[in-house]
Protein chains: 2
Amino acid sequence: MEIKELGEFGLIHRLTKDAEPKNPSTLKGVGDDCTVLSYPDRKVLVTTDMLMEGVHFDLTYNNMAQLGYKSAMVNLSDIFAMNGQPRQLLVSIALSKRFKVEDLDDFYRGLHAACDKWGVDIVGGDTCPSLTGLAISITCIGEAEEKDIVYRSGANETDLVCVSGDLGAAYMGLQLLEREKSVYYQQLDKINAKIRKANSEGNKALVKHLQEEGMKLTDFQPDFAGKEYLIERQLKPEARGDIIQLLRENNIRPTAMMDISDGLSSELIHICKQSHCGCRIYEKNIPIDYQTAVTAEEFNMNVTTCAMNGGEDYELLFTCPIGDHDKLDALESKGIHQIGYITKEELGCRLISRGDGEEFDITAQGWALGGAGEEK
Amino acid sequence: MEIKELGEFGLIHRLTKDAEPKNPSTLKGVGDDCTVLSYPDRKVLVTTDMLMEGVHFDLTYNNMAQLGYKSAMVNLSDIFAMNGQPRQLLVSIALSKRFKVEDLDDFYRGLHAACDKWGVDIVGGDTCPSLTGLAISITCIGEAEEKDIVYRSGANETDLVCVSGDLGAAYMGLQLLEREKSVYYQQLDKINAKIRKANSEGNKALVKHLQEEGMKLTDFQPDFAGKEYLIERQLKPEARGDIIQLLRENNIRPTAMMDISDGLSSELIHICKQSHCGCRIYEKNIPIDYQTAVTAEEFNMNVTTCAMNGGEDYELLFTCPIGDHDKLDALESKGIHQIGYITKEELGCRLISRGDGEEFDITAQGWALGGAGEEK
């Protein structure tokens, strides 16, 4: 269905009609100039993220439902990274004419799946036209008691540095998708060239056969057998609210915390800069999944570099007082890994290599306009 | 300066370094995963808007500072429309390579000018690349006491319908800008055709002369003498926080309220639908500026249609109990106009014409993808 058939208000109604508020803080959701929220004795956490087609996602391999899911999750992840609970989500989406109502339905299905997982209400937003491509902006609102909020600036000398889950998998997933995409376009180009040739030779039967071959390629459905984990980490990341709960249940309160969206190196530098400290990270302790390691090998890439700079893992990076060491040890099997420690600022941020214990400076790359797909 | 010279974090620092929080509710602004706000005994209002290049604005005639100002004002307007006070703003902006750091500086200058006017803190956001054009997403957070919040749904039969300021001016401003833009492109096309001809004839002196003529056109700087008000209403709208204050000082509490972004017709229908009522609006009472009327005449347009459907005036539309009639009368000179009254739902929304008192149904147009520039 064309979006203009429904009109703006019909569209908003269709997308939001089933959204029953689940949180007592949601007083008024969609349907007025503003959303009205109530946070009588807690602090309000707010985060916002923009996702642009061709920069943050590629609709060749992201479907709309996955995109909705990921858009929500990356914002929930920011609330968890402050040790808060996400409560409300506002969604703005700008679409060009090639998108249909069903695409928006799929997008909202993904959004709702992510929000339902963490009891978050979709309370408003904006839907508007775009001349080219798709632009998404999400704002997430959460809450926390003041004493529970964890900033980037709270790390202290001797604190342990921890990460959840494993790193580098989302980046390797992206490499796989990009490779298959380029194979797909090469095959398409070849068939198109053959069709042009057959056309110029007037070979109608061959043209028809080639067109059928081309149609078979139309759906980008490569076989990622054995690599499903990497693909899922890239296309359907999970915000680690479970880790926040686990730490709370074990009476561990991080001193500083961030989610890993730009890559471990970049986030370590943020925490150290804002906490006025340095760190030592043991290469051997960085958690890496077996599939990540094998695939990095295949691509002739250094797996540690992938884990340090890949980004988009949405795992949590946090620091804890050294006194929590035993409690943290007990959580190793639940995916909490101690990877290093915090030092005095003047000692800098350094990686201690696996083999000879040589130390390397940890450096981070920000984005440059029009850069690579793994940008935050 | 190229944006990549500064990098993402350098850029964020440059844009936010001077932002000292002005509101006690702003606990933590830019520089962590989330903004932290405190609203201990008030309700929180949240609104978000997306603005896309080529749909909501045209950089041929919007400069970046005006665009920043307008982007902020349209969001503040939504908070005022709930009878709240705006407090914090989050800004996300996606830019293609043609934008420089100085463009962002200009954009933020406009944002700050709007925010400073109403004591609003810029507390966060996102800056990222875009493959084509400029996309802006603003989230505004405000506060209100529960008893003060005015929804769209509170209008009652016999209530008076009021609007602030005057209507249709922003739309006529857009018509003027669009006309001058098309004249400008026609002139440019003519000169380019002459240059091609002179080139083909080898007349180098003429080519040089024509190129100089073309250069003079490069800056889109048409003369709008006498029409400045209309241009300013389009490019630099003001959120009517002053009207909110005025009503409060005069102990007038609207029963329903909205800001006029899509046009009076559309907003009247929203209020009537959500309040389950109808309305009668007197055409003769709709406030229209002299310049708006003259320019509508010039364009051979019906001025009432422009005022009813033009949009982007960002005036307030509200309803008040009939008992406030005398108090409202006294505010006529301060720009509050009574334009009609609320009826039973089954009587519909109708406009009573100036001449013979004939009644016409009020209808509204939502947006269609890729539609006209006046879309919200």
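The values are calculated or read from the model by the stated rules, or taken from the named source; none is laboratory data. This one's a predicted model, so the numbers in the text were calculated from it and none came from an experiment. Every residue, glycine among them, receives a Cβ derived from its backbone with ideal geometry; neighbour counts consider all protein chains shown. For the accessible areas, the whole protein counts, side chains as well, though only heavy atoms, and no ligand, DNA or RNA atoms are used. Shrake-Rupley method; radii C 1.70, N 1.55, O 1.52, S 1.80 Å.
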* Asked: Would you say A:GLU180 is over 15 Å from A:PRO254 (Cβ atoms), within 22 Å of the chain's Cα centre (by Cα) and more than 13 Å from chain B (Cβ to nearest Cβ)?
  -> yes
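Evaluate the following for B:LYS97: is it at pLDDT below 90 and surrounded by fewer than 22 Cβ atoms within 10 Å (Cβ to Cβ)? Break it down stepwise before answering.
On the way: at pLDDT below 90: yes; surrounded by fewer than 22 Cβ atoms within 10 Å (Cβ to Cβ): yes.
When the stated conditions are applied, B:LYS97 passes them.
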* Among the residues of region B:315-358, count how many are part of a loop (DSSP other than H, G, I, E, B) and over 14 Å from B:THR158 (Cβ atoms). => 11
* Asked: Does A:GLY68 qualify as being open to solvent by 10 Å² or more (accessible area, probe 1.4 Å), more than 24 Å from A:GLN245 (Cα to Cα) and small (Gly, Ala, Ser)?
  -> no
* Taking the stated definitions as given, is A:TYR314 at pLDDT 95 or above, surrounded by 14 or more Cβ atoms within 10 Å (Cβ to Cβ) and within 14 Å of another protein chain (Cβ to nearest Cβ)? -> yes
* All but one of (1) at pLDDT below 90; (2) part of a helix (DSSP H, G or I); (3) of a type in the set (A, V, I, L, M, F, W, C); (4) under 30 Å from B:LEU90 (Cβ atoms) hold for B:LEU174, so report the exception by its number. => (1)
* For region B:189-200, state whether one or more residues are within 15 Å of the chain's Cα centre (by Cα) and surrounded by 13 or more Cβ atoms within 10 Å (Cβ to Cβ). => no
* Tabulated pairs, region B:109-128, first within 14 Å of another protein chain (Cβ to nearest Cβ) and of a type outside the set (A, V, I, L, M, F, W, C), second buried (at least 22 other Cβ atoms within 10 Å of the Cβ) and part of a loop (DSSP other than H, G, I, E, B), C-beta under 8 angstrom, 6+ apart or interchain -> B:GLY124/B:CYS34
* Asked: When region B:137-170 is examined, which residues are found to be within 11 Å of chain A (Cβ to nearest Cβ) and in a strand (DSSP E or B)?
  -> B:SER137, B:ILE138, B:THR139, B:CYS140, B:ILE141, B:GLY142, B:GLU143, B:ALA144
* Structure fact -> With criteria (1) surrounded by fewer than 23 Cβ atoms within 10 Å (Cβ to Cβ); (2) in contact with a Cys (Cβ under 6 Å, 6 or more places away or on another chain), A:LYS181 comes up short on (2)
* Only residues in region B:17-41 that are within 19 Å of A:SER25 (Cβ to Cβ) count as the first member; pair them with residues that are assigned to a loop (DSSP other than H, G, I, E, B) and among the polar types (S, T, N, Q), Cβ under 6 angstrom, at least 6 apart or cross-chain, and list the lot. => B:LEU37/B:SER25; B:SER38/B:SER25; B:TYR39/B:SER25
* To do: Considering only region A:18-58, state which residues are assigned to a loop (DSSP other than H, G, I, E, B), more than 7 Å from chain B (Cβ to nearest Cβ) and either open to solvent by 70 Å² or more (accessible area, probe 1.4 Å) or of a type in the set (A, V, I, L, M, F, W, C) (or both).
  => A:ASP18, A:ALA19, A:GLU20, A:PRO21, A:LYS22, A:PRO24, A:VAL30, A:ARG42
* Among the residues of region A:100-129, which ones are open to solvent by 10 Å² or more (accessible area, probe 1.4 Å) and part of a loop (DSSP other than H, G, I, E, B)? -> A:LYS100, A:TRP118, A:GLY119
* Asked: If you scan region A:200-234, which residues turn out to be on the phi > 0 side of the Ramachandran plot and free of Cβ contacts under 8 Å to residues at least 12 places away in the same chain?
  -> A:GLY202
* Which numbered condition B:ARG280 fails, given (1) in a helix (DSSP H, G or I); (2) open to solvent by less than 50 Å² (accessible area, probe 1.4 Å); (3) farther than 15 Å from B:GLY168 by Cβ -> (1)
* Name the residues in region A:160-178 that are closer than 20 Å to A:LYS227 by Cβ and open to solvent by less than 30 Å² (accessible area, probe 1.4 Å), would you? -> A:GLY165, A:ASP166, A:LEU167, A:GLY168, A:ALA169, A:ALA170, A:MET172, A:GLY173, A:LEU174, A:LEU176, A:LEU177
* To do: Say whether the condition of being within 14 Å of chain A (Cβ to nearest Cβ) and closer than 25 Å to A:ILE93 by Cα is met by at least one residue in region B:61-72.
  => yes
* Restricted to region B:244-267, and to residues that are away from every other protein chain (no Cβ under 14 Å) and buried (at least 23 other Cβ atoms within 10 Å of the Cβ), which residue is nearest to B:TYR171 (Cα to Cα)? -> B:LEU264
* Asked: Residues in region A:319-348 that are closer than 14 Å to A:LEU160 by Cα and either surrounded by fewer than 18 Cβ atoms within 10 Å (Cβ to Cβ) or of a type in the set (Ser, Thr, Tyr) (or both): how many?
  -> 12
* Residue that is surrounded by the most Cβ atoms within 10 Å (Cβ to Cβ) [pool: residues in region B:78-92 that are at the interface with another protein chain (Cβ under 8 Å from one of its Cβ atoms) and not in a loop (DSSP other than H, G, I, E, B)] -> B:ILE79
* Asked: Of B:ASP223, B:ASP242, B:ASP219, which residue is more than 30 Å from B:LEU188 (Cα to Cα), among the acidic types (Asp, Glu) and either at pLDDT below 95 or part of a helix (DSSP H, G or I) (or both)?
  -> B:ASP242
* Single residue of region A:145-157 satisfying the filter (buried (at least 20 other Cβ atoms within 10 Å of the Cβ) and in contact with a helix residue (DSSP H, G or I) (Cβ under 9 Å, 6 or more places away or on another chain)) that is farthest from A:MET82 (Cα to Cα) -> A:ALA155
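Assess whether A:GLN234 counts as being in contact with a Gly (Cβ under 8 Å, 6 or more places away or on another chain), surrounded by 24 or more Cβ atoms within 10 Å (Cβ to Cβ) and in a helix (DSSP H, G or I).
Details: in contact with a Gly (Cβ under 8 Å, 6 or more places away or on another chain): yes; surrounded by 24 or more Cβ atoms within 10 Å (Cβ to Cβ): yes; in a helix (DSSP H, G or I): yes.
It is true that A:GLN234 is in contact with a Gly (Cβ under 8 Å, 6 or more places away or on another chain), surrounded by 24 or more Cβ atoms within 10 Å (Cβ to Cβ) and in a helix (DSSP H, G or I).
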* To do: Go through the residues of region A:258-280 one by one and say whether even a single one is at pLDDT below 95 and among the basic types (Lys, Arg).
  => yes
* Asked: Quick one: is B:THR319 in contact with a Pro (Cβ under 8 Å, 6 or more places away or on another chain) and among the polar types (S, T, N, Q)?
  -> yes
* For residues that are hydrophobic (A, V, I, L, M, F, W, C) and over 15 Å from the mean Cα position of the chain (by Cα), scanning just region A:41-63, find the one that is farthest from A:PRO222 (Cα to Cα). => A:VAL44
* Asked: Looking only at residues in region A:1-17 that are under 15 Å from A:GLY125 (Cβ atoms) and open to solvent by 20 Å² or more (accessible area, probe 1.4 Å), which one is nearest to the other protein chains (Cβ to nearest Cβ)?
  -> A:PHE9
